[in-house]
Each structure stands twice: as C-alpha cells, then as structure tokens.
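*Asks:* Below is the structure I would like to discuss, written out as structure tokens.
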Amino acid sequence: MYKLKTVDVWDTLIRRKCHPDYIKLATARYFYLKYFKLHGINDLTQFFTKRVEIEVQLGKNTQNDQFDDEYELLNVLNQFVSFYIPSTADCATIAEDLFNYELHNEKNLTYADPFIREVLAQYPAEKTLFLSDFYMSGNKIQELLDHHSINDVVPAGISSADVCLNKRSGKLFDYVASKYSVDKSNWVHFGDNEWSDVKVPSSKGIKSIHFLPKQEHDLRIVKESHFSNKTDLFAQIESEIFAGFDKTDNIFSLGVKSSPFIIGFCLHILEKSIENNSNKIYFFTREGEFFIKAFDRVITALSESMPNLKLPEYQLLEVSRIATFCASLQSVSLAEMMRIWNLYSSQSMGALLKTLGIVETPLLEVIRNHDLNLEEIIQYPWLDPRVINLFEDHRFIDYIEANIIEKRQLLLGYFNERGLNAFSEKVTVVDVGWRGTIQDNIALLLPEVHFTGVYLGLQKFLNLQPTNSVKFAYGPDINRKVECPHFLDSVAPIEMITNSPSGSVTGYVKQGNSYRAVRNINCEENAAFYNFTQRYQEGILHSIEYWNQYILSSVITSDDLRESALKVWSDLIAGQNTELNSTFANLEHNETFGLGGYVNKINLPSVVDLFHGLFSKQKRKLIISFIKANQWPEGIQNRSDISPLHRFLLATLIRVAVYYKHNFMRKN
C-alpha cells in the first residue's frame, strides 16, 4: 500500500463534453445575453480574447522564483467585468454571477470518467488527494467531484489556484511532499498529461501512471477538434440525427438537413431582441406559427442552462398585410396609396379594394361614375386621370375613411389584449420577409413603440421606412449588402415550407369585451401543407432536440450557422428536390394582397400561348401575370409534368424578366 495517492482532475477524474475553451465562450455568451445593456458588445470572440489576455497578465504578475503563473477565476472575472462595464455598476456582483454560472456550466458539461474507479482501486493508499492545475479553488473542484458522486474516491485535494504552484513546474509536487511529509518513493500519481502527470512527477521519484483510456481519449480528440472546425461538428450532429430513423422518409430527411437554416434564424431572433433591448417578441402569422415552435424549443433549452437569465417573453400575433394595411393609412390620398403601388405598379380597382379589405359593393356606382370598373388592370394608377379624380371624390374618401377608423379600432383592440400598445416601449417582431410591410403598418399605428424586425431575407425597401422601426435579415438583406440577390427572387418556395394550415388573417371582430382575429382557410392551399410542409417541419423540430445539446456545449451562434443556412436556402431553391417541386407545382398561393386573389401554380401558359403573346395583347397580359406570380425558374426547369421545350421556354422567360426587373424597371 502506498502512503499517498494523487489524482489529476481534468480528463482523469472528470471529463468535459466539449473543448475546455467552450466553457469560457459559454460564460462570454452569458455575459453578452444578460448584461448587453451595460456593455453593448455582441462579439463573443472579443470577450474570449480579452479574458485570455487577463489570465496571462495575472499569471505573469504572480510568477516569480517562489510561485508559478497561477491565478484565480474570480479575480479574472472581476478585471474582465471592470474592463467592459462602467464603474457605476456593481462589477463585483456581476463577476460573482459570471463565476457562479461558469461553475454551474462546468457541472452540466462534465461527467465522471467511466474507468477511473477501477484503475484507482488497483493502487491502494493510506491517503488520496486530487491535484489540479486549474483556476478554481480546491473547494470548488471538490464541489464538482461531489456533483458527479466521485467524492468517495477522492475526498480532498489541492488546486494550483490555492497555492500558486502547479504540476507543470513540479513545485506543486514539492509542496505536497512537504505538507504531508511523504516519501516520494511511497507515492503514486495518476493523470493524462504526459508532461505534468508523468514526466515531471517521475523525475522526482514519484510512481506515475499515465491514465489515457483509448475510448475516452479518442472521443476527447474528436470533441476538441470541433473548436476549430465546426463544419465537422455540424456533420456529426446530422449523422447522430439520421442514425435514429429511416432515411427513406425523404420529406422528413429534407427537414433534418434544413434544420441549421431555421435554428440559426431562431438564434438570430434572440440575439437581435437582446441587442435592441426588446421587452417582448411577437411572431407574425402565418409563418410565425412555425417559427415560434422552433424558437420555443431552442430558447427553452438555453433558458434551462442559464437559470438566472431572464430572456424576452414571446407570443404569436395574428396579422397579415390585408389585416393591417387599411388601418394604418394616414389619409385617403394618392400619396398614401403609393405604399401599395410602389409594390404593385399595375393594379385594378377591384384588387385595390381587396388589398384594403373593403367591401366593394357600396363603391360600385362611384367607381363607374369615373369611367372605371373593378376588373381593368391599370398601369401606374396614380398617373391615371380617372383614378386621380376618384381620389378627389368625397363619397369615395368618406367611405374609405370610415373603414380605416373601424379597422383601426378593432386592430388596436386586438393588439392591446395581447400586450401590444403605446406603452410597449420596445418589441421585436418576426416574419419570413421580404420587405417587412406588416411591420411598417404596425409601426405607423404605434409611433410610440420601437419595432425591431427580424426576417429570413429582405428585399430592397420601396417605401419610406417609419422612424420607429429597424429591420434585420438572417439571410440576404439587399438594403445593406448585395448578397445572394437571386434568393429573394424565389421566395414562394420558402414561404410554402414555413407556412401553417391556420389560414390568412383577414381582419378582426369584437365579441363581447374581447377581440378575435378572423381567418380565411383555403383547403386547396392547405393541400401543400399536409402533402409536404407538415412532415418537412416535423423533421426540423425533431432535429432541434439534437442540436440543442451542442448549442449549449459548443456555444453555437447564429453566425456559426449562417454559412450552412445559406447553403440550405440555395439547395432548396435549386429545384432538385422532387417532392418540393411537385408540391409547389400544385400550390394554391394566396396573393389577395396586391393581386386580389389566389394564384394556382399549376396553371401555366402553353407553348402556343407564349407564341401568341408576341402578337396578342390579351395573351401578353396573361403571360405577364404568370411571370409576376412565378419567379422560381429552377422550379419550372425541373417540373416533370411538362415537356422539355415548355420547361425551357418558361424558365428562360422568367430569367429574362427577373434580369429586366433588376436592371431596367422603374426605380422608386
């Protein structure tokens, strides 16, 4: 029996589920999320680098002939917090909060080595201690060991942070020999580090056992490699997900592969809401019904891992462009109508009234009096003398104004019941994209509230943006940078895969003392959801449970996932997925706002129609309407229900039209 047995802690008694530096990054993320109001910095790498810099400097300050370059974590965090946060704040309390979180995280992201008990039992000793080169005290290390129920194996020990001596220099071994009056020849030490745990103690006459079980060591190498190569980490996560189900379920599998797209977006939503000091997050219907499910799964896991962190509340808000546009109008004028005509430069009076959500019958006579009808599509209506005269007719103005007042009262009543009113201060709103016009409408209705919009993508804004509003996109935002502009030409497939079956909001009604959103559910439109989208979304939601553990342990951010997310987006609109193409080709798409009705993607101009379009104005209008409603040439190019020539002509026509739109169309 030995007089003394000492045991290394890290990768000997306990092991981490990740690279050790991820623990530091996790603390940086906690500092970012909880204290952003005080420091205003969202760069986790900057936090990590500054912490390491402080650690190095504190180590240098300690090091001399007697002591090694050791430091204690709380001292590091005190200096770290003082660097980023004004002295008016209670920096000591914040540093202690960071310390407690890091200790909490160490407990969650570590586990007892499965082999160490058996190995230690083979070397009985009168006394057993742990020895660790670490920046937490021995008491805190003991707390970690107690957490993993291995305190019976090693009931006490010493940390380098306690005595400013470490194994690496050998001084900690000398200190232990003196403190416990032990003959080094009667001492056995266990550890994984070839230098600190083997060569150094051996050079002092201590029997050294190099503890390096292959299974755990190989796993450690893989885990630590992910710190510098998250691409491999993401591939591993996907492999783990696919290991649990039948890959022949093509739609579900596509959802699994698409999960970084949606998870990255969810993290982006949280980050932007924190950075803009939002009190609440509202998810807009219809796509928001799916987004909030994904967000809830991601944020619940984060919240559970950070029990002392209060994240913004979030809920669904039933809205649509039709349900909010009319109520937001500041006047009945051509200038105000430019908010819609900038988006749809050709429109019939019937489509305009449907866009406003207004019953057209009481206006039929007024419209006819100005030599107009509901069906005629007018190019640049604001320049048409008949339309100009209509907007000067008090009968038309009075009727529209009455509708504005009624719709505004109902809309604001509905909002107020859901906690959105003039006293909301700052909120984040979430939608799929593409110009954020619903956000514009609501911002005009509630000028006292600051709105932060978060979207998958943003096309070029065509209307003046409200001063109480700002917008961000996880994917391309043409307003900030020309990046992947073709993504924003093919948005209908992205809308389809993030859609819900609950119908579009058409307005609001008051029932007793409460307000309810009115929905229009179209069974033909929902066929795409039940045939494809539902199973696709299930694949994404299923995957989140696997991703969450790595979001926590490997500190995955929206930036980390963005490259993968853009790759998913690119693959989705490449038109290579048979099930996606087939479903989209039969989609009944709601285009009531702007176009005045539903557009069925199965209806295509024939080859003969395309030829006649060269000579017939009527055919040409039909072809132009088709192009406006179908700007996904890859989807057309890969359809299997039409001839190769037909596919080629339609896809080419769409590509030419998109090119013309980007380069020659009227700019606003």
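The values are calculated or read from the model by the stated rules, or taken from the named source; none is laboratory data. Please read all numbers here as calculations on a predicted model, not as lab measurements. Reconstructed Cβ throughout: ideal geometry from the backbone, glycine too, with neighbour counts over all protein chains shown. Just so you know, the surface numbers come from the protein's heavy atoms only, side chains and all, with ligands and any DNA or RNA stripped out. Shrake-Rupley method; radii C 1.70, N 1.55, O 1.52, S 1.80 Å.
*Asks:* Out of the range 391-412, which residues are touching a residue at least 12 places away in the same chain (Cβ under 8 Å) and more than 18 Å from Ala335 (Cβ to Cβ)?
*Replies:* Once the filter is applied, which keeps residues that are touching a residue at least 12 places away in the same chain (Cβ under 8 Å) and more than 18 Å from Ala335 (Cβ to Cβ), the range 391-412 yields Arg395, Tyr399, Asn403, Lys407, Arg408, Leu410, Leu411, Leu412.
*Asks:* Give the range 223-248 a look and list any residue that's β-branched (Val, Ile, Thr), assigned to a helix (DSSP H, G or I) and open to solvent by 60 Å² or more (accessible area, probe 1.4 Å), or say none.
*Replies:* Correct list: Thr231 only.
*Asks:* Residues being open to solvent by less than 10 Å² (accessible area, probe 1.4 Å) and of a type outside the set (Phe, Trp, Tyr): count how many of those fall in the range 286-304. Lay out the reasoning, then the answer.
*Replies:* At the first step, the residues of the range 286-304 found to be open to solvent by less than 10 Å² (accessible area, probe 1.4 Å) are 288, 290-291, 294-295, 298-299, 302.
Next, only the ones that are of a type outside the set (Phe, Trp, Tyr) stay: 288, 294, 298-299, 302.
Residues flagged as open to solvent by less than 10 Å² (accessible area, probe 1.4 Å) and of a type outside the set (Phe, Trp, Tyr) within the range 286-304 amount to 5.
*Asks:* Does Glu106 meet the test of being assigned to a helix (DSSP H, G or I), touching a Ser or Thr at 6+ places or on another chain (Cβ under 6 Å) and either of a type in the set (D, E, K, R) or over 26 Å from Lys179 (Cβ atoms) (or both)?
*Replies:* Taking the combined requirement at face value, the residue does not satisfy it.
*Asks:* From the list Ile262, Ile269, exactly one residue is in contact with a strand residue (DSSP E or B) (Cβ under 6 Å, 6 or more places away or on another chain) and open to solvent by less than 10 Å² (accessible area, probe 1.4 Å). Which is it? If you could, list the steps in order and put the result at the bottom.
*Replies:* On the way: Ile262 fails: in contact with a strand residue (DSSP E or B) (Cβ under 6 Å, 6 or more places away or on another chain).
Within the list Ile262, Ile269, the selection yields Ile269.
*Asks:* Working only within the range 635-646, note down all residues that are assigned to a helix (DSSP H, G or I), closer than 19 Å to Thr583 by Cβ and open to solvent by less than 50 Å² (accessible area, probe 1.4 Å). Can you show your working first?
*Replies:* Filtering the range 635-646 for residues assigned to a helix (DSSP H, G or I) gives 635-637, 644-646.
Pick out the ones that are also closer than 19 Å to Thr583 by Cβ and you get 635-637.
Of everything in the range 635-646, those that are assigned to a helix (DSSP H, G or I), closer than 19 Å to Thr583 by Cβ and open to solvent by less than 50 Å² (accessible area, probe 1.4 Å) turn out to be Gly635, Ile636.
*Asks:* Could you please find all residues in the range 451-471 being hydrophobic (A, V, I, L, M, F, W, C) and surrounded by fewer than 20 Cβ atoms within 10 Å (Cβ to Cβ)?
*Replies:* Hits for the range 451-471 are Phe461, Leu462, Leu464, Val470.
*Asks:* Could you go through the range 45-63 and let me know if any residue there is outside any helix (DSSP H, G or I), open to solvent by 50 Å² or more (accessible area, probe 1.4 Å) and within 23 Å of Phe173 (Cβ to Cβ).
*Replies:* Yes; the residues of the range 45-63 include at least one that is outside any helix (DSSP H, G or I), open to solvent by 50 Å² or more (accessible area, probe 1.4 Å) and within 23 Å of Phe173 (Cβ to Cβ).
*Asks:* Quickly run through the range 312-328 and pick out the residues that are open to solvent by 10 Å² or more (accessible area, probe 1.4 Å) and in contact with a helix residue (DSSP H, G or I) (Cβ under 6 Å, 6 or more places away or on another chain).
*Replies:* Pro312, Leu316, Arg321, Ile322
*Asks:* Kindly indicate which of Pro493, Pro476 is surrounded by 15 or more Cβ atoms within 10 Å (Cβ to Cβ), in contact with a Cys (Cβ under 8 Å, 6 or more places away or on another chain) and not small (Gly, Ala, Ser).
*Replies:* Answer to the check: Pro476.
*Asks:* While we're looking at this one, here's another question. Return the only residue of Glu448, Glu417 being open to solvent by 10 Å² or more (accessible area, probe 1.4 Å), closer than 26 Å to Phe290 by Cβ, modelled with pLDDT of 95 or more and not aromatic (Phe, Trp, Tyr).
*Replies:* Within the list Glu448, Glu417, the selection yields Glu417.
A quick yes/no check of all residues on (1) touching a strand residue (DSSP E or B) at 6+ places or on another chain (Cβ under 8 Å); (2) at pLDDT 95 or above; (3) part of a loop (DSSP other than H, G, I, E, B); (4) not acidic (Asp, Glu):
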| residue | (1), (2), (3), (4) |
| --- | --- |
| Ile281 | yes, yes, no, yes |
| Gly288 | yes, yes, no, yes |
| Ile292 | yes, yes, no, yes |
| Asp296 | yes, yes, no, no |
| Glu304 | no, no, no, no |
| Lys310 | no, no, yes, yes |
| Ile322 | yes, no, no, yes |
| Ala327 | no, yes, no, yes |
| Val332 | no, yes, yes, yes |
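*Asks:* Looking at the range 85-111, I want the residues that are more than 17 Å from Leu144 (Cα to Cα) and have a partner that is among the small types (Gly, Ala, Ser) and outside any loop (DSSP other than H, G, I, E, B) with Cβ atoms under 6 Å, at least 6 apart or on another chain. Which pairs are those?
*Replies:* Cys91/Ser82
*Asks:* Output the residues belonging to the range 334-348 that are in a helix (DSSP H, G or I) and in contact (Cβ under 8 Å) with a residue 40 or more places away in the chain.
*Replies:* Hits for the range 334-348 are Leu334, Met337, Met338, Arg339, Ile340, Trp341.
*Asks:* Would you pick out the residues in the range 636-667 that are touching a Phe, Trp or Tyr at 6+ places or on another chain (Cβ under 9 Å) and at pLDDT below 80?
*Replies:* Gln637, Arg666
*Asks:* Hey, Ser345 hits all of (1) closer than 19 Å to Leu464 by Cα; (2) polar (S, T, N, Q); (3) at pLDDT 95 or above; (4) surrounded by fewer than 22 Cβ atoms within 10 Å (Cβ to Cβ) but one; which does it fall short on?
*Replies:* Looking at each condition in turn, Ser345 falls short on (3).
*Asks:* What is the residue count in the range 268-295 for residues that are farther than 22 Å from Phe36 by Cβ and among the small types (Gly, Ala, Ser)?
*Replies:* Number of matching residues: 2.
*Asks:* Anything in the range 363-407 that is surrounded by 14 or more Cβ atoms within 10 Å (Cβ to Cβ), basic (Lys, Arg) and more than 30 Å from Ala443 (Cβ to Cβ)? List them, or say none.
*Replies:* Passing the criteria: only Arg386.
*Asks:* In the range 107-122, what residues are surrounded by fewer than 22 Cβ atoms within 10 Å (Cβ to Cβ), over 30 Å from Val52 (Cα atoms) and not polar (S, T, N, Q)?
*Replies:* Pro114, Phe115, Arg117, Glu118, Val119, Ala121
*Asks:* The conditions are (1) of a type outside the set (Lys, Arg); (2) in a helix (DSSP H, G or I); (3) open to solvent by less than 20 Å² (accessible area, probe 1.4 Å), and Gln79 fails exactly one of them. Which is it?
*Replies:* If we test Gln79 against (1) of a type outside the set (Lys, Arg); (2) in a helix (DSSP H, G or I); (3) open to solvent by less than 20 Å² (accessible area, probe 1.4 Å), just (3) comes out false.
*Asks:* Quick one: would you say Leu410 is open to solvent by less than 40 Å² (accessible area, probe 1.4 Å), at pLDDT below 95, hydrophobic (A, V, I, L, M, F, W, C) and in a helix (DSSP H, G or I)? Please lay out each step first, then the result.
*Replies:* Values: open to solvent by less than 40 Å² (accessible area, probe 1.4 Å): yes; at pLDDT below 95: no; hydrophobic (A, V, I, L, M, F, W, C): yes; in a helix (DSSP H, G or I): yes.
Spelling it out, it is not the case that Leu410 is open to solvent by less than 40 Å² (accessible area, probe 1.4 Å), at pLDDT below 95, hydrophobic (A, V, I, L, M, F, W, C) and in a helix (DSSP H, G or I).
*Asks:* In addition: Being under 23 Å from Tyr455 (Cα atoms) and assigned to a helix (DSSP H, G or I) is the requirement here; does Asp398 meet it? Full working, then the answer.
*Replies:* Values: under 23 Å from Tyr455 (Cα atoms): no; assigned to a helix (DSSP H, G or I): yes.
So Asp398 fails the test.
*Asks:* Go through the range 503-550 and report how many residues are in contact with a helix residue (DSSP H, G or I) (Cβ under 9 Å, 6 or more places away or on another chain), among the polar types (S, T, N, Q), surrounded by fewer than 17 Cβ atoms within 10 Å (Cβ to Cβ) and closer than 28 Å to Glu579 by Cβ.
*Replies:* 2
*Asks:* Step by step: first the residues of the range 420-445, then only those that are among the polar types (S, T, N, Q) and part of a loop (DSSP other than H, G, I, E, B), then the one that is surrounded by the most Cβ atoms within 10 Å (Cβ to Cβ). Which residue is that?
*Replies:* So, considering only residues that are among the polar types (S, T, N, Q) and part of a loop (DSSP other than H, G, I, E, B), the one surrounded by the most Cβ atoms within 10 Å (Cβ to Cβ) is Ser424.
*Asks:* Give Leu25, Leu33 a once-over and let me know the one that is among the aliphatic types (A, V, I, L, M) and surrounded by 20 or more Cβ atoms within 10 Å (Cβ to Cβ).
*Replies:* Going through Leu25, Leu33 in turn, the sole match is Leu25.
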